[in-house]
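This report refers to the structure that appears directly beneath it.
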Amino acid sequence: MQAVELICKKRDGGTFSTEEINWLIEQYTQGTIPDYQMASLLMAIYWRGMDARETSDLTLAMARSGEQLHVNTVISPVIDKHSTGGVGDKVTLAVAPLVAACGVAVGKMTGRGLGHTGGTVDKLESVDGFTIELSREDFMRILREHQIVLAGQSNDLAPADGKLYALRDVTGTIESIPLIASSIMSKKLAIGASHLLLDVKFGSGAFMKNIEQARLLAQAMVAIGQAAGVHTVAAITSMEQPLGRAIGNALELREAIDILRGQGPEDVSELCYHEAAEILVMTQKAATLAEAEQLVAQTIQSGAALKKLAEVIAAQQGNAQQILQPELLPVAPVRSMLPAPRSGYIAAINAEGLGLASMSLGAGRFKKGDPVDHRTGLVLQAKVGNHIQAGDPLIEIHARDEQEAQQIQSALLACYQWSDHPIKIHPLICDIIR
Ligand code: URA
């Protein structure tokens, strides 16, 4: 087989066989196929696409390119959860301990934030001492002992994807549904959970800008999961405005704690409870969604869900007291309230804009490896559809100093659109693909 023959085949609209895909991934991982040929092939895939069988084959080949954890051989059922990312997305922080407290094991590797979307790892590292760097043995032990483990993404997992993603990033080939679906799913299949819940977000703050694209990605990933024998469900959810009220690491962790106490903002709490209920039905801990929702409510009320978060934090060397007493989490030295510039209904809040503003307060990274300030960020005082008066609190800025808090104000105000008339609110969960 020659790489150039396969480039020409895809360029002319052909379909790769399983053997051809396996060969391509093996040779590329070993370095036998150079980046310039793989870049050309990726561009051919970008234009010509891949069918469901090719996409599944590509995913499996990438999943096999490195270490495979097979977590379902340690404990079963075991759920993994993935969000395509957004602004204020603290859902994993709440859903993982919630379902673990309901008796469903959670084995998850999670990433750092890059760009305007935050990362679960950075939020968890707001806790003193918490470590996401776990050996394979520790990952498995914590999963067995506590039914929940939240580790950082291992570089040994699906290394072919790591190499391909870096190449796609600089060759204009990121935005391809089969390439995105296979990239995300290869890392999930390498972990080897028995069940997978995907949260595919769309809107200004998300990777997918519209619902049609989000649905295509969700369908592609569910098909890959099912073909690999993993029970996979995808929720398609809106990221037209930030999720909940808090944006920033310790601020979002505090909001997740509120959700686990049954005191979180309505939108994000409902999403977390619904996703948890879906997981309980998928894993047969509940027969119906109604039964699952009841179990979720009981687990919140009894305090077991919050206790589970404290338990996993302690198991990963973090200070669990900061979960039970969130006032011990780090706080920014400056807190300043930005008032509403006018009266009216909030018609839109640009999630990407607020994500970027939060980054410039130090809560995110402009480039890989930048340090993050866990204390900083924003807390929205009103959401789309709310009516407020000029001068009412609009957004609380948590900054490192007065100057940064001042400098950000005009960028924040530019993220808001106003209306004199009531605004129709769209549901957060738009579809579930099973
Ligand atoms: N996230 C991934 O892991 N891969 C992609 O291709 C896009 C987002």
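Order the peptides 21-28, 351-358, 320-327 from the highest to the lowest mean number of other Cβ atoms within 10 Å of their residues. Spell out each step's value before the answer.
On the way: 21-28: 19.9, 351-358: 24.1, 320-327: 16.8.
So the peptides 21-28, 351-358, 320-327, ranked by packing, come out 351-358, 21-28, 320-327.
Arrange Asp12, Asp89 by Cβ neighbour counts within 10 Å, fewest through most, would you?
Least crowded to most crowded, the residues run Asp12, Asp89.
Below 10 angstrom from the Cβ of Gly88, what's the summed charge of the other residues (Lys, Arg +1; Asp, Glu -1)? Write out the running numbers ahead of the final one.
Values: positive: Lys90, Arg245; negative: Asp89, Glu252, Glu255, Asp267.
Cβ neighbours under 10 Å give a net charge of -2.
For a 24 Å ceiling on Cα separation, which of these pairs sit above it: Lys123/Lys383; Lys90/Lys307; Lys123/Lys187; Lys188/Lys307; Lys81/Lys424; Lys187/Lys383?
On the way: Lys123/Lys383 22 Å; Lys90/Lys307 17 Å; Lys123/Lys187 21 Å; Lys188/Lys307 27 Å; Lys81/Lys424 30 Å; Lys187/Lys383 35 Å.
Flagged as over cut-off: Lys188/Lys307; Lys81/Lys424; Lys187/Lys383.
Need the C-alpha centroid separation for the stretch 383-410 versus the stretch 7-51, integer Å.
So the two Cα centres are separated by 49 Å.
Just need the relative contact order of the stretch 3-49 here, percent rounded to a whole number, with Cα pairs under 8 Å and 6+ apart. Show your work: numbers first, answer last.
Details: 27 pairs, mean separation 24.7, N = 47.
Result for the stretch 3-49 is 53 percent.
Test of understanding: in a Gaussian network model of the chain with alpha carbons linked when under 10 Å, which of Ala256, Ala105, Ala304 would top the mean-square fluctuation ranking?
For the chain, modelled as a Gaussian network with Cα springs under 10 Å, the answer is Ala304.
Quick one, can you get me the convex hull of the C-alpha atoms of the stretch 202-354 expressed as volume per residue in Å³? Numbers along the way, then the final one.
Numbers: hull volume 25.7 nm³, N = 153.
Measuring per residue, one finds 168 Å³ for the Cα hull of the stretch 202-354.
Given the stretch 308-434, report the % of alpha carbon pairs whose separation exceeds 24 Å.
Working: 3616 of 8001 pairs.
For the stretch 308-434, the share of Cα pairs beyond 24 Å comes to 45 percent.
Bin all alpha-carbon pair distances of the stretch 71-324 at 10 Å intervals from 0 and give each bin's fraction as a whole percent.
It works out to 7, 33, 40, 18, 2, 0, in whole percents.
For the chain, set up a GNM with springs between Cα atoms under 10 Å and report which of Ala363, Ala94, Ala290 has the largest fluctuation.
Ranking Ala363, Ala94, Ala290 by mean-square fluctuation puts Ala290 first.
Explain nothing, just the number: relative contact order of the stretch 331-419, from Cα pairs under 8 Å at least 6 residues apart, as a whole percent.
On the way: 171 pairs, mean separation 42.4, N = 89.
Averaging sequence separation for qualifying contacts and normalising by length gives 48 percent for the stretch 331-419.
Per residue of the stretch 43-48, what does 6.51 cos²θ - 1.76 cosθ + 1.60 with θ = phi - 60° give for ³J(HN,Hα)? Whole Hz please, x for Gly and Pro, Karplus curve as stated.
Values per residue, Gly and Pro as x: 5, 4, 5, 4, 7, 8 Hz.
With r as the distance between the Cβ atoms of Gln263 and His70 and R0 = 35 Å, compute the FRET efficiency 1/(1 + (r/R0)^6) and round to 0.05.
Values: r = 38 Å, r/R0 = 1.10.
E between His70 and Gln263, to the nearest 0.05, is 0.35.
Please compute, over every Cα-Cα pair in the stretch 44-167, the percentage with a separation greater than 20 angstrom. Provide the component values of the computation, followed by the final result.
Values: 3987 of 7626 pairs.
That fraction is 52 percent.
At q = 0.22, 0.23 Å⁻¹, work out log10 I(q)/I(0) for the stretch 218-287 with the Debye formula, treating every Cα as an identical point scatterer and leaving solvent out; two decimals please.
-1.00, -1.02
Based on the alpha carbon coordinates of the chain, what radius of gyration and maximum Cα-Cα distance (Dmax) apply, in Å?
21.8, 69
Where does helix 177-191 land angle-wise versus the long Cα axis of the chain, in degrees 0 to 90, nearest 10?
Helix 177-191 sits roughly 90 degrees off the main axis of the chain.
Counting pairs of alpha carbon atoms under 8 Å apart in space and at least six apart in sequence, what relative contact order in percent does the chain give?
Numbers: 916 pairs, mean separation 83.3, N = 434.
Relative contact order of the chain: 19 percent.
Mind checking the log10 I(q)/I(0) for the stretch 275-369 at q = 0.10 Å⁻¹? Debye, one equal scatterer per Cα, no solvent, two decimals.
Those come out to -0.57, one per q.
Throughout, read-outs are computed from the coordinates displayed, never taken from laboratory work. This one's a predicted model, so the numbers in the text were calculated from it and none came from an experiment. Neighbour counts run over all protein chains shown; Cβ positions are idealised from the backbone, glycine included.
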